Amino acid sequence: MVEDNRAAHDLIERLCNLVRADVRAVCHEYGMRPVQLEALRFLTQCNRYSDTPQAVAEYLGLTKGTVSQTLKVLKKKALLRKQSDTRDKRLVHLKPTARGRRLVERAVPAEALTLGIDKLSRSESQVTVESLRFLLRSVQQANELKTFATCHTCRFNQKREGGYFCELTQEPLAEQDIVLLCREHQYPKAVATK
């Protein structure tokens, strides 16, 4: 098992280095740091419960101070805008601008990864993605980490006549909401322990 752990670590680390090299190149082009792109990318994928500075910090595993500085730079570069919550004026939502979304689309997925995956057969690609998804869930569960997954896989998401409903927030969800990342996400027990 120790050998498998080391091999998995080495493989993931090498893949991450290749992906990061592509990300750094795009970031250099735009005069930004990779952490800024990571924050912006998360904000293009998350729902209205997760587009806050606190959720960005939790998702990236960074301090509030680091995230605050990161968000300031993104706002200054017109890649992000802040919006007050309509119900709670103390709450700030972070919205990528059209320019910010274009930057993320340019950088993700990394070209090196795309070229490698394109060389796989469809079935190899699907197995690879599912294996990575399973490993991520296992790491999150073993370390009691937030899952930050999409609503459609959440135990709180309920399909109802006329749409979807979040049992946790007691609010309706639009069809586009259920494919976004949520900081409140919890896998159903059967999926989490698979």
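Side notes on the structure shown:
- Evaluated against (1) part of a helix (DSSP H, G or I); (2) under 14 Å from the mean Cα position of the chain (by Cα); (3) more than 20 Å from E58 (Cα to Cα), R137 falls short on exactly one condition, (3).
- Total residues in segment 20-51, condition crowded, with 17+ Cβ neighbours inside 10 Å and part of a helix (DSSP H, G or I): 14
Residues checked against (1) in contact with a Pro (Cβ under 9 Å, 6 or more places away or on another chain); (2) within 23 Å of V23 (Cα to Cα); (3) not assigned by TED's automatic domain parsing to the domain that holds L43:
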{"site": "L80", "(1), (2), (3)": "yes, yes, no"}
{"site": "T86", "(1), (2), (3)": "no, no, no"}
{"site": "K89", "(1), (2), (3)": "no, no, no"}
{"site": "L94", "(1), (2), (3)": "yes, yes, no"}
{"site": "L103", "(1), (2), (3)": "yes, yes, no"}
{"site": "T147", "(1), (2), (3)": "no, no, yes"}
{"site": "C154", "(1), (2), (3)": "yes, no, yes"}
{"site": "G162", "(1), (2), (3)": "yes, no, yes"}
{"site": "Q176", "(1), (2), (3)": "no, no, yes"}
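Table: residues versus (1) touching a Lys or Arg at 6+ places or on another chain (Cβ under 7 Å); (2) touching a residue at least 60 places away in the same chain (Cβ under 8 Å).
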residue: R14; (1), (2): no, no
residue: D22; (1), (2): no, yes
residue: T44; (1), (2): yes, yes
residue: T63; (1), (2): no, no
residue: L74; (1), (2): no, no
residue: R87; (1), (2): no, no
residue: A98; (1), (2): no, no
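- Across segment 125-162, the qualifying residues are those that are among the polar types (S, T, N, Q) and free of Cβ contacts under 8 Å to residues at least 12 places away in the same chain, and the one among them that is surrounded by the most Cβ atoms within 10 Å (Cβ to Cβ) is Q140.
- Of residues in segment 37-89 being over 25 Å from A110 (Cβ atoms) and of a type in the set (D, E), the one nearest to the chain's Cα centre (by Cα): D85
- Criterion violated by E13 - all others in (1) surrounded by 11 or more Cβ atoms within 10 Å (Cβ to Cβ); (2) acidic (D, E); (3) modelled with pLDDT of 95 or more; (4) more than 16 Å from the chain's Cα centre (by Cα) satisfied: (1)
- Breaking point among (1) under 21 Å from the mean Cα position of the chain (by Cα); (2) under 21 Å from Y59 (Cα atoms), for T114: (2)
- Number of residues in segment 66-99 that are of a type outside the set (S, T, Y) and touching a helix residue (DSSP H, G or I) at 6+ places or on another chain (Cβ under 9 Å): the value is 14.
- Of all residues making up segment 174-191, the number that are free of Cβ contacts under 8 Å to residues at least 24 places away in the same chain and either touching a Cys at 6+ places or on another chain (Cβ under 7 Å) or of a type in the set (K, R) (or both): 0
- Reported count of residues in segment 79-118, each being in a loop (DSSP other than H, G, I, E, B) and either surrounded by 15 or more Cβ atoms within 10 Å (Cβ to Cβ) or not charged (D, E, K, R) (or both), is 7.
- When Y59 is tested against (1) under 18 Å from C16 (Cβ atoms); (2) among the hydroxyl-bearing types (S, T, Y); (3) without any contact (Cβ under 8 Å) to a residue 60 or more places away in the chain, just one condition goes unmet, and that condition is (3).
The values are calculated or read from the model by the stated rules, or taken from the named source; none is laboratory data. Quantities reported herein were computed from a predicted structural model and do not represent experimental measurements. Neighbour counts are summed over all protein chains in view; Cβ atoms, including those assigned to glycine, are modelled from backbone coordinates with ideal geometry.
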